Amino acid sequence: MHIPDGILPVWIWVLGFILMSLVMGLGLFRLRTMDKMKEIPLLGALSATMLVGMSLPTELIIPGYHINLSVVTGILIGPTLGFIAAFIANLILALMGHGGITVIGLNTLLLGSEAILGHTLFYLLKRLPNFWRAALATILTLLITTVILIGFVALSHLNPELLHQGEGYGQELNINGSVMTFAIIVLTVGVIGWIVESAITGAVVIFISQVKPDMLEHALHTKFMKKAEGN
């Protein structure tokens, strides 16, 4: 949500920070048991990749849509590091003026949930080829998080135009009109963006599975794991 500070009700962005802090605390605790020599460089590289993806002017091609790469990040480094990567990317974007400081918590929860859901769905869709596993996991994840975003807009009485503009402070929307219109537009445009991002995610997963398959050991099919252990 690329909106400036001072628009959201205080209770919403404060709650966002509290929930984000709890999840981040759990993630950092779990990080203590990981191989830091291996995981930290991956975390830095994929955080930078998410940052680049979210900074690309993709709205010139797909109006109102931003490539997040959060799902592929979750698939490659897991839900814990994926959530931390979402926080790092959102923090840097906010400091660059790409959204307010107060929405860091909510943005991290939104993108972090994409990393967690993407990883979980990729793991569950074991019977599909890797490309289609990644693609379907991406589409389902982005559909779910988009519905969550629509619900958030309705709950906060936020003018949908403020998601990409810094105007309209204090305006409340017509729940029966603006939110419905916003939902239709976001879901319609979103389908195009989801297809593009799912194709990118699938291509990346196929490439990684060929050149560095150990990055996917946590989510690949059991047969692959047994074969790898046998070698």
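The values are calculated or read from the model by the stated rules, or taken from the named source; none is laboratory data. On a predicted model such as this, the values are computed, not experimentally measured, just so you know. Every residue, glycine as well, gets a Cβ built from its backbone with ideal geometry; the counts of neighbours run over all protein chains shown.
Return the pair list, or none, for Cβ contacts closer than 9 Å from residues in the stretch 201-214 that are touching a residue at least 60 places away in the same chain (Cβ under 8 Å) to residues that are among the charged types (D, E, K, R), at least 6 apart or on different chains.
Taking only residues 6 or more apart or on different chains, the pairs are Gly202/Arg133; Val205/Arg133.
Only one residue in Thr49, Thr58 is hydroxyl-bearing (Ser, Thr, Tyr), within 21 Å of Leu216 (Cα to Cα), surrounded by fewer than 24 Cβ atoms within 10 Å (Cβ to Cβ) and at pLDDT below 90, so which one is that?
Sole residue among the options that is hydroxyl-bearing (Ser, Thr, Tyr), within 21 Å of Leu216 (Cα to Cα), surrounded by fewer than 24 Cβ atoms within 10 Å (Cβ to Cβ) and at pLDDT below 90: Thr49.
Here is a check on your reading of the model: is Thr141 closer than 22 Å to Gly27 by Cα, among the hydroxyl-bearing types (Ser, Thr, Tyr) and touching a helix residue (DSSP H, G or I) at 6+ places or on another chain (Cβ under 6 Å)?
Spelling it out, Thr141 is indeed closer than 22 Å to Gly27 by Cα, among the hydroxyl-bearing types (Ser, Thr, Tyr) and touching a helix residue (DSSP H, G or I) at 6+ places or on another chain (Cβ under 6 Å).
If the requirement is being more than 19 Å from the chain's Cα centre (by Cα), within 22 Å of Ile195 (Cβ to Cβ), at pLDDT 80 or above and assigned to a helix (DSSP H, G or I), which of these qualifies: Ile139, Ile144, Ile184?
On the way: Ile139 fails: more than 19 Å from the chain's Cα centre (by Cα); Ile144 fails: more than 19 Å from the chain's Cα centre (by Cα).
Criteria check complete, one pass: Ile184.
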